[in-house]
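Q: So that we are looking at the same thing, I have put the structure below in structure tokens.
The values are calculated or read from the model by the stated rules, or taken from the named source; none is laboratory data. Bear in mind the structure is a predicted one, so any value in this text is a computation, not a measurement. Backbone-built Cβ (ideal geometry, glycine too); neighbour counts: all protein chains shown.
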Amino acid sequence: MTTLLSTTVLCAGMAAADGNLPLKEMEGIADREHWLPGEVNADGALEALQAVVGADAVPFAGTLDKPIQIALIYPSADTSDFWARNYLALTKRLDELGIAYETTEFASRQVEHSLQSTYANQVEQDADLYDYVIFGPSELAIQGDNIEKLAGNDGFATYVWAFHTPLKYLETQPDAWFDFSSAAGALTMCDYMLGRLGDDVTMAMNRGIPGITDDQRSGDFKDCVMEKGNWQVAYEHYGEYQTEGGFEGTSLILQAYPEATVIHNANTAMAMGSVEAQVAADKTGDVFSTGWGGTGLELDAIRRGDLDATPMRMGDDVGAATAEAIKADLEGRAEELPLVFLGRITVAHDEMSAEELDALELEAFRFSGIDALER
């Protein structure tokens, strides 16, 4: 098995280092420091994996002498249940596939960049202990060197979670990236908000950490509503994807920018902090509040009437797709995989019926379950 894994990693790495990317060019390619999924995925590869993920599991065709070893380095200590849910989706899909595994988790908060670097160094040095490494970067630009270090180690296969923009400068690309397109989600949310609230709206924003994710979740959304609907932005607060940041930003917005009738939040943690601030100020219902991701916490807030809308990921797709990628790798079919896997996104909102919200939730969390996860 080790020989198969090493060969797969080396082939994937050589493809990037030899300059075989991009496979095609899209608008603005010269101005970006990263590839877009459409530039690096072979035609049909993404759709094929999406179809596999949405279908019943087909058991692993081979045999293993011992369980595969998986290291997970990710900010799972944060409020968002994205990480925990996709861990469950990964492991339950592996169970369905009949692949025995053991996992080692290296948890951090999203702002603990140095701790993630320490974990990455530890795993890279202990390469002989692991067959697969799943890395959920605290922020892509900050962790780029660590991604390259892990991807360049031929002792294991490297998968990146929660980002879908492969950096151009990486001499060795990870074997695959698994994410939901924040850019596509931002445009989906833009269309929904313009249709729901119309033109000439003033909003405020709880943004995350400067970087690709927030540029897409917040920046692309902002540009879209301003261009298409003549929206104005009263204030932008960088809450670092933390509950406290959402609370502090919203408290300031409610006090100093009463003209803002919409508060955009760039992740679950800040959305929950924003809700807490509105409740504390007795302002729930005075502003239209959005989240990001459609996690269980966000859906519960929509049901309570505390949150109005969120771009909702079919959340378990990432973990399930990673399990299928492991299966393909073990079966010697890694070349069939897209370099970037994207899950589906729709908008969940307070005008949906209970039955509609329940159906979305059942599909999104088909592996991890619809109940809130214990933390």
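Q: Pairs needed: first member in the range 225-251, under 15 Å from Asp215 (Cα atoms); second member anywhere, of a type in the set (A, V, I, L, M) and assigned to a helix (DSSP H, G or I); C-beta distance under 6 Å; at least 6 residues apart or different chains.
A: Gly239/Met270; Tyr241/Ala269
Q: Which residue out of Asp308, Asp282 is free of Cβ contacts under 8 Å to residues at least 12 places away in the same chain and outside the structural domain of Arg93 (by TED's automatic domain parsing)?
A: The match here is Asp282.
Q: Are any of the residues in the range 201-212 among the basic types (Lys, Arg), buried (at least 20 other Cβ atoms within 10 Å of the Cβ) and in contact (Cβ under 8 Å) with a residue 12 or more places away in the chain?
A: yes
Q: Give the residues of the range 302-322 that are touching a His at 6+ places or on another chain (Cβ under 8 Å) and part of a strand (DSSP E or B), sorted by residue number.
A: Ala309, Thr310
Q: Residues in the range 141-198 that are free of Cβ contacts under 8 Å to residues at least 60 places away in the same chain and of a type in the set (Asp, Glu): how many?
A: 3
Q: Follow-up. Tell me, which residue of the range 41-56 that is under 16 Å from Ala184 (Cβ atoms) and in contact with a strand residue (DSSP E or B) (Cβ under 8 Å, 6 or more places away or on another chain) is surrounded by the most Cβ atoms within 10 Å (Cβ to Cβ)?
A: Out of the qualifying residues, it is Asn41.
Q: Yes or no: the range 293-301 includes at least one residue that is closer than 19 Å to Thr91 by Cβ and within 21 Å of the chain's Cα centre (by Cα).
A: Taking every residue of the range 293-301 in turn, at least one turns out to be closer than 19 Å to Thr91 by Cβ and within 21 Å of the chain's Cα centre (by Cα).
Q: Something else about it: Which of the residues belonging to the range 254-285 are β-branched (Val, Ile, Thr) and within 28 Å of His113 (Cα to Cα)?
A: Hits for the range 254-285 are Ile263, Thr268, Val275.
Q: Which one of Ala157, Ala162 is among the small types (Gly, Ala, Ser), at positive phi and in contact with an Asp or Glu (Cβ under 8 Å, 6 or more places away or on another chain)?
A: It is Ala162.
Q: I've got another one for you. Kindly indicate which of Gly332, Gly315 is in contact (Cβ under 8 Å) with a residue 24 or more places away in the chain and within 22 Å of Met193 (Cβ to Cβ).
A: Result of the check over Gly332, Gly315: Gly315.
Q: Output the residue which, of all residues in the range 170-200 that are aromatic (Phe, Trp, Tyr) and either more than 27 Å from Glu25 (Cβ to Cβ) or at pLDDT 95 or above (or both), is surrounded by the fewest Cβ atoms within 10 Å (Cβ to Cβ).
A: Checking each candidate, the answer is Tyr192.
Q: Being touching a helix residue (DSSP H, G or I) at 6+ places or on another chain (Cβ under 8 Å) and of a type outside the set (A, V, I, L, M, F, W, C) is the filter here, so list the residues in the range 202-217 that pass it.
A: Listed by number, the residues that qualify are Asn206, Arg207, Gly208, Gly211, Thr213, Gln216, Arg217.
Q: Another question about this same structure. Taking the conditions exactly as written (out of contact with any Phe, Trp or Tyr (no Cβ under 7 Å at 6 or more places or on another chain), modelled with pLDDT of 95 or more, assigned to a strand (DSSP E or B) and surrounded by 21 or more Cβ atoms within 10 Å (Cβ to Cβ)), does Ser218 satisfy them or not?
A: For Ser218, the condition - out of contact with any Phe, Trp or Tyr (no Cβ under 7 Å at 6 or more places or on another chain), modelled with pLDDT of 95 or more, assigned to a strand (DSSP E or B) and surrounded by 21 or more Cβ atoms within 10 Å (Cβ to Cβ) - is not met.
Q: Tell me which helices (runs of 4 or more DSSP H) are completely within the range 70-161 and hold 3 or more residues being farther than 30 Å from Ala55 by Cα and at pLDDT 95 or above, or say none if there are none.
A: Those helices (runs of 4 or more DSSP H) span 113-125, 140-151.
Q: Out of the range 174-199, which residues are over 18 Å from Met312 (Cβ atoms) and small (Gly, Ala, Ser)?
A: Once the filter is applied, which keeps residues that are over 18 Å from Met312 (Cβ atoms) and small (Gly, Ala, Ser), the range 174-199 yields Ala176, Gly198.
Q: Counting only residues that are modelled with pLDDT of 95 or more and of a type outside the set (A, V, I, L, M), which one in the range 22-34 is surrounded by the most Cβ atoms within 10 Å (Cβ to Cβ)?
A: The qualifying residue surrounded by the most Cβ atoms within 10 Å (Cβ to Cβ) is Pro22.
Q: May I ask you to list pairs of residues, at least six apart or on different chains, whose Cβ atoms are under 8 Å apart, with the first in the range 67-93 being assigned by TED's automatic domain parsing to the domain that holds Gln116 and the second being in a helix (DSSP H, G or I) and among the acidic types (Asp, Glu)?
A: Ala89/Asp317; Arg93/Glu324
Q: What number of residues in the range 328-375 are more than 17 Å from Met314 (Cβ to Cβ) and buried (at least 22 other Cβ atoms within 10 Å of the Cβ)?
A: 4
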